[in-house]
Amino acid sequence: MNIALLETGSGYWNTLIWVVTALIIGVCVLWLRNRGESRYKKDTDQTKPFLSGNPEVSKEDSHVGASHLYWGFTEALKNYYEPLVKMHTGNINDYSGWIVLVMAIIFIIIGVS
C-alpha cells in the first residue's frame, strides 16, 4: 500500500505533490509580504485614512447608517424582507435548526435522485 498515492474515481491524488505545492505557495507569499514598505510606522500619521486632503472628522459626524446606504435596495425588495424580519429571532438555536432542516432536505433530494 502506497500512502503517498490515493486513487479516486477520476485519477490519482498525490499528497506529496500537494504538500510541496502548499510549501512553495507559502514561501512565495512570505517573500511577497516581506518585500513590503519598510518605512511604514504604526501609530503615526501614516495609519490615518486618506480623505482627499480633507481633515478627518469624528466618527459621529461621518457616520452614514445602513438604512440610508441601502434604501433603494431594501425598498425594492420590501415584500421579500418583511417576512424575513418577522422570522428573525436572534436565537442561535433557531438558526441551527433551520440549517439542519435545510441540510436534511438537500440530503433527501440527493438520495432520491
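A few remarks follow.
One line per residue, one yes/no per condition, for (1) surrounded by 10 or more Cβ atoms within 10 Å (Cβ to Cβ); (2) under 24 Å from the mean Cα position of the chain (by Cα); (3) in a loop (DSSP other than H, G, I, E, B):
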position	(1), (2), (3)
20	yes, no, no
24	yes, no, no
43	no, no, yes
51	yes, no, yes
97	yes, yes, no
102	yes, yes, no
108	yes, no, no
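- Single unsatisfied condition, residue 66 versus (1) small (Gly, Ala, Ser); (2) under 25 Å from the mean Cα position of the chain (by Cα); (3) surrounded by fewer than 10 Cβ atoms within 10 Å (Cβ to Cβ); (4) modelled with pLDDT of 75 or more: (4)
The values are calculated or read from the model by the stated rules, or taken from the named source; none is laboratory data. These numbers were taken from a predicted model, which means no experiment stands behind them. Reconstructed Cβ throughout: ideal geometry from the backbone, glycine too, with neighbour counts over all protein chains shown.
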